[in-house]
Amino acid sequence: MHNRKTNFFLIAALASTALIGCKSDGGSDASTGGGELAKPVMIGERVNGSSAALKTIGTYHIETEAQYDALGDADIFPGGLDFGEYDLVIVALGEQPTGGYAVNIESIQLVGGELAVTGKASAPGEDDVVTQALTYPYSAVSIPNTEADEVVPYID
């Protein structure tokens, strides 16, 4: 049980490092977005769940129906989304060994051409009773259409 929690936080740390985007000039400066001020992005509908379509750790900015369909699971955002007005932002924790893992998108800011996605991930405690099955936790939110070309996650 202790290994499960340790492994999760190791995965989360590696994912945060791997998911931080690089700027086109080769530098890594996700926090400044080229010195532009951050603009809050209104979060609309929110869905948290588990989907085998999201088997790898990642942060996704879905702008079209075709991109959404390419994920392969229509249940990620039940009820659908009007991509003419909204984009979808998804943070996925990838495959986890049991239930009890979760992620929640708390805020999104537009910084230049980047969406800075802030959230929290959690793992089950050592003594928690959890489902003994593979899970694929994610958090998805709708936001008004943006011109962002990169997503930078800040997941604790």
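Scanning the stretch 38-66 for residues that are of a type outside the set (D, E, K, R) and out of contact with any strand residue (DSSP E or B) (no Cβ under 8 Å at 6 or more places or on another chain) returns 52, 53, 64, 66.
Of the set (1) at pLDDT 95 or above; (2) surrounded by 13 or more Cβ atoms within 10 Å (Cβ to Cβ), all apply to residue 42 but (2). Right, residue 98: closer than 16 Å to residue 40 by Cα and part of a loop (DSSP other than H, G, I, E, B) or not? So residue 98 fails the test.
One line per residue, one yes/no per condition, for (1) of a type in the set (Asp, Glu); (2) over 13 Å from residue 141 (Cα atoms); (3) assigned to a loop (DSSP other than H, G, I, E, B); (4) in contact with a Leu (Cβ under 7 Å, 6 or more places away or on another chain):
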{"residue": "52", "(1), (2), (3), (4)": "no, yes, yes, no"}
{"residue": "69", "(1), (2), (3), (4)": "yes, yes, no, no"}
{"residue": "92", "(1), (2), (3), (4)": "no, no, no, yes"}
{"residue": "104", "(1), (2), (3), (4)": "no, no, no, no"}
{"residue": "118", "(1), (2), (3), (4)": "no, no, no, no"}
{"residue": "121", "(1), (2), (3), (4)": "no, yes, no, yes"}
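Filter the stretch 123-146 down to residues that are surrounded by fewer than 19 Cβ atoms within 10 Å (Cβ to Cβ), in a loop (DSSP other than H, G, I, E, B) and touching a residue at least 24 places away in the same chain (Cβ under 8 Å), then give me how many there are. Even if it seems obvious, please write down each step before you answer.
Restricting attention to the stretch 123-146, the residues satisfying the condition of being surrounded by fewer than 19 Cβ atoms within 10 Å (Cβ to Cβ) are 125-134, 144-146.
If we keep only those that are in a loop (DSSP other than H, G, I, E, B) too, we end up with 125-134, 145-146.
Adding the requirement that they be touching a residue at least 24 places away in the same chain (Cβ under 8 Å) leaves 125-128, 130-134, 145-146.
Total satisfying the criteria: 11.
Of note, residue 67 does not satisfy the criterion of being more than 30 Å from residue 37 (Cβ to Cβ) and of a type in the set (S, T, N, Q).
For residue 69, indicate whether it is surrounded by fewer than 20 Cβ atoms within 10 Å (Cβ to Cβ) and over 13 Å from residue 48 (Cα atoms).
On the way: surrounded by fewer than 20 Cβ atoms within 10 Å (Cβ to Cβ): yes; over 13 Å from residue 48 (Cα atoms): yes.
The answer is yes for residue 69.
Annotation: of all residues in the stretch 147-156 being part of a strand (DSSP E or B) and within 12 Å of the chain's Cα centre (by Cα), the one that is nearest to residue 71 (Cα to Cα) is 151. Note on the stretch 80-136: residues that are under 17 Å from residue 39 (Cα atoms) and charged (D, E, K, R) total 3.
A residue that is of a type in the set (Ser, Thr, Tyr) and touching a residue at least 60 places away in the same chain (Cβ under 8 Å) occurs somewhere in the stretch 101-120.
The values are calculated or read from the model by the stated rules, or taken from the named source; none is laboratory data. Note that the structure is a prediction, hence the values are computed from the model and not measured. Methodologically, a virtual Cβ is constructed for each residue, glycine included, from the backbone with ideal geometry; neighbour enumeration extends over all protein chains shown.
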